[in-house]
Each structure stands twice: as structure tokens, then as C-alpha cells.
Amino acid sequence: MYFTMKVCYNGATMSEIYFDNSSTTKPSKAVLEVVEKTMTEDYGNPSSMHKKGMDAEAYLKNARRAIADTLKADPSEIYFTSGGTESNNWALIGTALANQRQGRKILTTQMEHPAVAEPCAFLEKLGFEVGKIPVDENGTLDLETLEKMLTDDVILVSTMYVNNEIGAVVPVEKVAKMVHSACPHAFYHVDAIQAYGKYRIRPARVGIDMLSVSGHKLHGPKGTGFLYVKNGVKMNPLIYGGGQNGGMRSGTENVPGIAGLGIAAREAYTDFDAKIDHLYDLKEHMIKGLMSIDDVVVHGMPGREGAPHIVNASFLGVGSEVLLHTLESHDIYVSAGSACSTHKRSGSPTLTAIHAPQEEMASSVRFSFCENNTVEEVDETIRVLREELPRLRRYRAH
């Protein structure tokens, strides 16, 4: 375990419990080591022609190759970015602008992260039409409606792979087949920020044209990410300048961050099956514990239909932030909704899309795991919830 603070569990010592891994993860030891080395020793500019520059460039090549290997892709299809938000913006805006003569209709879903929803809103202001595919109460995509929405003027479809709030999984292979069958000229973009490292993804085989990933969701550095772009996809750059990244994303590369991202990608798919089984065990244990508590509603797909690392639950009668800070007082860290939208006072787009009642929206908390979490941490969290919820509900009643 890499946690440092202490809580008491059945008279024993336990490290702090960090269940907010969908917001960010702690960088692994190997990631920290390569970041330090590339900042203190191999600090050259990869565009420089001397040895320092060539050494720095080697880190970029190694990271690009490592990431491509995890996707069974060509290294030339990997473009480094500052993170998932930039990757999503570039995929949507760059592709829409480059292909607008083919049509001006874009499809996405009702439960997208702001990093997709906001670029779509921007494109609407430019005159593009954005259609939103509905989902049911579990977050399951309505494929029948999607089929009707796939008209000749659709140039781009963008969906999540895994929903960041409730862990609902989109059947991306089915969506890809539908898109390319009905609209052969359209491109399919997948926001895989919560899925990469949790699923084996083969974009070329599945039919994904673009794929967004963020480094800090898989024990890599913050401010890092990549966009997979299938060779042949027509898209415009968002950043112009010195021609780095094949002329598609100019600017001196973040060598320390990219080097760390490459290590994180390789580590994410090492001992993969054992890690995913462990995450599902934690998820199932958490849900079983939550369902044994009165007035708790668990959102999302049942069992292993959903993502292995996310549990979203509403604790009726207790506000999300109140419960978050109560758990924090026990050194248990969770999230009240998506970390990227916590500064906004509007309701959760995901819980709105699945038609959750207002009481459930106001009391929802997300628990998200990584491979370093334990069953004992889940048990301690359930114990604290059993202890604190009656008191919090009594307080609200007064």
C-alpha cells in the first residue's frame, strides 16, 4: 500500500483509504523515477540535434511504442496531449472542422463528461447540429434510437467507453459497426479515459477511429494524455507551431510527463487479468455492504456488466458533500460526482440522463478503486457508514 495516514480498524492500524481513483491516481514508483530522471539528467529538448536532444527523443519513441503496443496500433497513430480534455477537444473540433463539407451533424450521448459535452456545445455555436443519444435507468445506451439518428449528414459520433460517474459501459464495438455501416464517411470517437487500463482495447479491430486517454487516471503524471488517431482520419490541428507530433500538435513535448505516461501504460496492462478480477471483487464487496444499509440506492449496471472500479450510491437523507466530509474526517476519501464538474452547481448530467430523482442526485457519492485498494478498506468504509449515517440523518431531521 502507498497510503501514509492512519485510521483505526478493529483495534489495528490501517492506512488512509483513498477511494477517489476515478478523479486521479497516485503515480507509481517507476513513473516517479523516470519523471525525475528526465528532469534532472536527460533534460534535453527532443528537437535538438545533439546527444541530449536525441536522448530525450528516445523517451518519446519508447513511450509511443509502449502505448501503441497496448492498443495493437501503429506508433504513428499515437499523439501526445496535455490530457483527456485536450484529446477530446481535438478529436471533436479538429474532426468536425475538417469534415464539415460532408455534413454538419454530430452525435453523442446524454451522459457525456464535460470534456465532450462542452466542445459539442461550442460546435453548436458554429452551426453544427448535435444530437444526444438517450440512455436508460442503468446508463445503457439506446441503440434503437441511435440507429434512427444515423442519417447521411452525420460526420462524427462520440461516446464514452465507461461513464465516469456510475461506471456504465457503452458497447463500443456495436456502436462502431452501426456508425460505419449507416454512415461510411463518418468517424467514431471514444472517450476511453475511464476505460483504458480497465479493458483491453483494440481500436482498429473494433472500428474506433479516435480514442482519448488521460495519464493521471492510471498512475501516470497529471497533465499527460494521448489521442489515438487511426491513419487516414481527416482532422485539423488545434495547436500550430513548430511541427512536433507529426505537425498535428505543435509545441515542445513534455518529455518527463510522456516518459511517465509510457511507463504507466505498460504497467496498466501487466498482470492485467489479476488486477481486474481484484477490482471486481472490491466492487462486489462494496455493493453487498452498501445494500445491507437502509435507504441506500446503488446506480449503474448490475454485476460485471458495469466497469470494475466504480460504485455510485445515493444515501437518502444525507447530502453528498456532508457525507463526503464526514468520511474525510475518518481519512476516507471519496467523490461527490465527477471531480471535473464539482465547481459547478448544476446537477449531474449522468444522473439526470438516467432520470434519478432529485433526492438521489443530491445524496450521491462515488467510490472508485485501484489495484492497491483492499477488501479490509471496503469493510472499514462500510463500518464507518453504518456508524455515521444514523447520526447524520437524525441531524437533518431536526
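The values are calculated or read from the model by the stated rules, or taken from the named source; none is laboratory data. The structure presented is a predicted model; accordingly, all values stated were derived computationally and were not measured. As a convention, Cβ positions derive from the backbone with ideal geometry for all residues, glycine included, and neighbour counts pool all protein chains shown. With ligands, DNA and RNA removed, areas are computed over all heavy atoms of the protein, side chains included. Shrake-Rupley method; radii C 1.70, N 1.55, O 1.52, S 1.80 Å.
Here are some notes:
- Looking across the range 24-80, the residues that are outside any helix (DSSP H, G or I) and among the hydrophobic types (A, V, I, L, M, F, W, C) come down to M49, A73, I78, F80.
- Scan the range 98-129 for residues that are touching a helix residue (DSSP H, G or I) at 6+ places or on another chain (Cβ under 7 Å), under 21 Å from H355 (Cα atoms) and part of a strand (DSSP E or B) and the total you get is 2.
- The residues on offer are T145, T151, and the sole one that is open to solvent by 30 Å² or more (accessible area, probe 1.4 Å), modelled with pLDDT of 95 or more, out of contact with any helix residue (DSSP H, G or I) (no Cβ under 9 Å at 6 or more places or on another chain) and among the polar types (S, T, N, Q) is T145.
- Filtered residue count, the range 92-150, keeping only those that are under 30 Å from V297 (Cα atoms) and of a type in the set (D, E, K, R): 7
- The residue pairs whose first member lies in the range 135-157 and is in contact (Cβ under 8 Å) with a residue 60 or more places away in the chain, whose second member is part of a helix (DSSP H, G or I) and of a type in the set (S, T, N, Q), and whose beta carbons are closer than 8 Å, counting only pairs six or more residues apart or on different chains, are G139/T350; I155/T95; L156/T95.
- Considering the range 302-327, and only residues there that are open to solvent by 20 Å² or more (accessible area, probe 1.4 Å) and within 16 Å of K288 (Cβ to Cβ), the residue that is modelled with the lowest pLDDT turns out to be G303.
- Top-ranked residue in the range 249-291 [being of a type in the set (K, R) and in a helix (DSSP H, G or I); ranked as nearest to N62 (Cα to Cα)]: R266
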